[in-house]
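A.B. asks: Supplied in structure tokens, the structure appears directly below.
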Amino acid sequence: MTDDVTTQSLWRSLRELMERVDNEVARVYESSPDTVGVRPSWVLEILRLDARGPMTISQLSASVGRTHSASSQKVAAMAKAGLVETTQGSDARTRRVQLTDRARKLVPRMRAEWAATEEALSELEAETPYALSRAVADLNAALDRKSFHERLSDRLAATDHSGS
């Protein structure tokens with residue numbers, strides 16, 4: 001039997017913290033009849049479309065920092081939920097995404113939730129001796145100096161991981 005290396009994970013608790021907060025935001029959306037079925041993970045895209053107007057899926061994905069594939073899947077789910085509609089773009093390969101009337105009616109609530117979430121996160125950070133947002137900025141600066149790929153590759157090159 002081999003050791004189960006997956007029982008140790010330095011950042012698993014960070015992922016679990018993010019899931020915990022995301023689940024609590026989802027509870028807010030589930031508690032309102034108007035927003036039942038709206039996934040909190042769609043809010044960024046809906047608010048971006050509200051602020052900037054219709055965009056192609058490529059423009060939307062670039063504006064929110066996601067892959068085209070992820071945005072395309074998300075747009076399909078939002079369309080199924082009646083929050084966006086797509087039309088052919090400037091050529092047959094592109095699709096323009098725009099909000100539906102239902103989504104536009106939800107935008108004020110989503111904006112309020114976004115602002116309240118940011119305030120709650122700020123309050124939460126104030127209760128800790130150091131802010132997670134500061135730690136993230138510091139970690140990103142360290143990764144700018146040396147990428148995680150480089151760090152990982154260096155360690156793998158220094159060890160015998162062939163299994164023999």
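The values are calculated or read from the model by the stated rules, or taken from the named source; none is laboratory data. What you see is a predicted model, and the numbers here were worked out from it, not measured in a lab. Every residue, glycine among them, receives a Cβ derived from its backbone with ideal geometry; neighbour counts consider all protein chains shown.
A.B. asks: Within region 15-37, identify whether any single residue is of a type in the set (Asp, Glu) and either touching a Cys at 6+ places or on another chain (Cβ under 7 Å) or not in a helix (DSSP H, G or I) (or both), and answer yes or no. It would help to see each step written out before you state the result.
C.D. replies: Taking region 15-37 first, the residues of a type in the set (Asp, Glu) are 16, 19, 22, 24, 30, 34.
In the following step, the residues that additionally are either touching a Cys at 6+ places or on another chain (Cβ under 7 Å) or not in a helix (DSSP H, G or I) (or both) were identified as none.
Looking through region 15-37, none of the residues is of a type in the set (Asp, Glu) and either touching a Cys at 6+ places or on another chain (Cβ under 7 Å) or not in a helix (DSSP H, G or I) (or both).
A.B. asks: Something else: Of all residues in region 55-105, count the ones that are surrounded by 16 or more Cβ atoms within 10 Å (Cβ to Cβ) and in contact (Cβ under 8 Å) with a residue 40 or more places away in the chain.
C.D. replies: Going through region 55-105 one residue at a time, the tally reaches 8.
A.B. asks: When region 81-94 is examined, which residues are found to be charged (D, E, K, R) and at pLDDT below 95?
C.D. replies: Passing the criteria: Asp91, Arg93.
A.B. asks: In addition: Which condition does Ala51 not pass, out of (1) touching a residue at least 24 places away in the same chain (Cβ under 8 Å); (2) under 17 Å from Arg111 (Cβ atoms), if it passes all the others?
C.D. replies: Failing condition for Ala51: (1).
A.B. asks: Moving on to the next point. Do you know which residues across region 71-99 are under 22 Å from the mean Cα position of the chain (by Cα) and either assigned to a loop (DSSP other than H, G, I, E, B) or not assigned by TED's automatic domain parsing to the domain that holds Ile46 (or both)?
C.D. replies: Step one: list which residues in region 71-99 are under 22 Å from the mean Cα position of the chain (by Cα), which gives 71-86, 95-99.
Within region 71-99, Ala81, Gly82, Leu83 qualify.
A.B. asks: Residue by residue through region 114-132, note down the ones that are at pLDDT below 95 and surrounded by 11 or more Cβ atoms within 10 Å (Cβ to Cβ).
C.D. replies: Ala131, Leu132
A.B. asks: Let me ask something else about it. Would you please name the residue that is nearest to Ala76 (Cα to Cα), looking only at residues in region 1-54 that are aromatic (Phe, Trp, Tyr) and buried (at least 16 other Cβ atoms within 10 Å of the Cβ)?
C.D. replies: Here the residue is Trp42.
A.B. asks: Among the numbered criteria (1) outside any helix (DSSP H, G or I); (2) modelled with pLDDT of 95 or more; (3) aliphatic (A, V, I, L, M), which single criterion is violated by Leu143?
C.D. replies: All conditions pass for Leu143, except number (1).
A.B. asks: From the list Val36, Val43, exactly one residue is within 30 Å of Leu132 (Cα to Cα) and of a type in the set (Val, Ile, Thr). Which is it? Don't jump to the end; show me each part of the working.
C.D. replies: Working: Val36 fails: within 30 Å of Leu132 (Cα to Cα).
Matching residue, one of Val36, Val43: Val43.
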